[in-house]
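Values quoted throughout were computed directly from the atomic coordinates according to the rules given, and no laboratory measurement underlies them. Values in this document were obtained by computation on a predicted structure and should not be read as measured data. Positions of Cβ are generated from backbone atoms using ideal geometry, with glycine treated the same way; all protein chains shown enter the neighbour counts.
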C-alpha cells in the first residue's frame, strides 16, 4: 500500500510539474533595441513582411518614443482585419493622435503629410460607423470633415474617393450626384482602381447615370487588372458580376477598348514582396453561374479599326466648375473639388467647361481642419 501511495504521489508530482507555468525569467525576453530608430526600422520591415508578432514590440517601442512612423504603422497593423492582432480601439486612438497633432503638416514640404492624410481617412471610417467599445457614436458629418480636410488640404485620392461616395448617398453631406460623378471620373482618369470599379458599377446598373454596359465592362477590366492587393476582392467581385452579366456582343466590343484604356488609365499597383514567400494568387479561379470561367485579364492588342471612346467624364448633368464645400448648407466657402481645365500656362480657368475625362488635378488648397479633438460621443 505504501509503495502504491508513493507511486501515485510520484505520478501526481510529475503531472503537476508539467502544469506549473514557466517562470517569467524563462520566457522569451522582451526584445531590446539599440535605439528607437532601430526599433522603427525592424518594426516596419517585419510589418511589410507580414510578421506582425515581431513587428508589434518594435513598433510599440518606436511609438512610445514618439516616432511618427512608429505610431502610423502600429495603427495600420491594429486596423488590419485580416490579422490575428486586430485591435480597432488601439488603431483609432493612434490615428486620432496623428490627426490631432499633425493636421497642419505642409503637404508640399512635410514628408509626414501623406501619412497624416491616410490617418484621417482611416479615422473617418471609424467615426462614420462608430466604435462602440470606445463609446464613439456614428457621426457621418464629422467623418465628412476628416475626409474633406484629407481630400482638399492633402489632396489624398482615397479621401476624395470616400467623400465622393458620401456625396452620392448624401451621407453626412448635402447630396450632390453630379459632383460625385465628376470626382469619380477624375480619379478614374488618374488610375485610381477603386474609383474605376465604383464608376463601372454605376455604369453597369444605370444608377446616377445612363446604363452603359460596354464602358462598364471596359472600365472594370482595367480596374481589376490594376487593383492593389487590399482592394482585389471587392473589385474582382464587381468584375465577375459585370462580366457574367454582359451579353456576348458586349464582351466582343471590349477588347480593343480595354487595351487602350489600360494604357491611358491603368496604374500598376506596388507588388513588391518583402516576405520572401512570393505572392499568392487570390484571383486564381472564378466562374459564372453557368460554369463559364471568368478571365481575369481582358484586352488583347488594340484593334486598329477601333478607337476607344473617352472615359465617361462629361456625364449627364455634370456640374459646372464652382467651389464645393462638402459640409453642406450653411458652411462657409470651401475649396474647389473640380478638376478644372487648364490653360497653356497651367493656371486653372474657373469658367472653363469640363474636358473629355477631365484635365488637371483636383483643385483647392484648403486650410487647417477645425479642431479634430475627441469625437462626439
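Can you give me the distance in nm between label points at residue 268 and residue 86, each placed 7 Å from the Cα along the Cα-to-Cβ direction?
Spacing of the two 7 Å Cα→Cβ label points: 3.2 nm.
Within 10 Å of each residue's Cβ, count the other Cβ atoms and sort 204, 183 from fewest upward. Before the final figure, lay out each step's value.
Numbers: 204 21, 183 29.
In order of increasing Cβ crowding within 10 Å: 204, 183.
So what is Rg over Rh here for the range 33-80, counting just Cα atoms and using Kirkwood for Rh? Could the numbers behind the result be given before it?
Numbers: Rg = 9.0 Å, Rh = 9.8 Å.
Dividing the radius of gyration by the Kirkwood radius yields 0.92.
Just the number: Rg to Rh for the range 109-203, Cα atoms, Kirkwood Rh, two decimals. Write out the running numbers ahead of the final one.
On the way: Rg = 13.5 Å, Rh = 13.6 Å.
Radius of gyration relative to Kirkwood radius: 0.99.
For the residues 61, 211, what sequence is obtained by ranking on other C-beta atoms within 10 Å, fewest first?
On the way: 61 23, 211 12.
Ordered from fewest to most neighbouring Cβ atoms within 10 Å, 61, 211 come out as 211, 61.
Quote to one decimal, in nm, the extra length available between residue 45 and residue 112 on full extension: 0.36 nm per residue of separation minus the C-alpha distance between them. List each step's numbers first, then the result.
Numbers: separation 67, 0.36 × 67 = 24.12 nm, distance 1.85 nm.
Taking residue 45 through residue 112 to full extension adds about 22.3 nm, to one decimal.
How much length would be gained if the chain were fully extended between residue 287 and residue 129, taking 0.36 nm per residue of separation minus their Cα-Cα distance, in nm to one decimal?
Details: separation 158, 0.36 × 158 = 56.88 nm, distance 3.34 nm.
Gain on extension, residue 287 to residue 129, equals 53.5 nm.
If I model a spin label at residue 104 and residue 53 as a point 7 Å from the Cα along the Cα→Cβ vector, what separation in nanometres do I get?
4.5
Neighbouring Cβ atoms within 10 Å as the yardstick, rank 121, 34, 48 fewest first.
On the way: 121 26, 34 7, 48 14.
Final ranking by Cβ density, sparse to dense: 34, 48, 121.
If you stretched the chain out fully between residue 229 and residue 65, how much longer would it get, using 0.36 nm times the residue separation minus the C-alpha to C-alpha distance? Intermediate values should be presented prior to the final figure.
Values: separation 164, 0.36 × 164 = 59.04 nm, distance 3.14 nm.
Between residue 229 and residue 65, full extension yields 55.9 nm more.
So what is Rg over Rh here for the range 23-138, counting just Cα atoms and using Kirkwood for Rh? Let's see the in-between values first.
On the way: Rg = 15.1 Å, Rh = 15.0 Å.
With Rh from the inverse mean 1/r over Cα pairs, Rg/Rh is 1.01.
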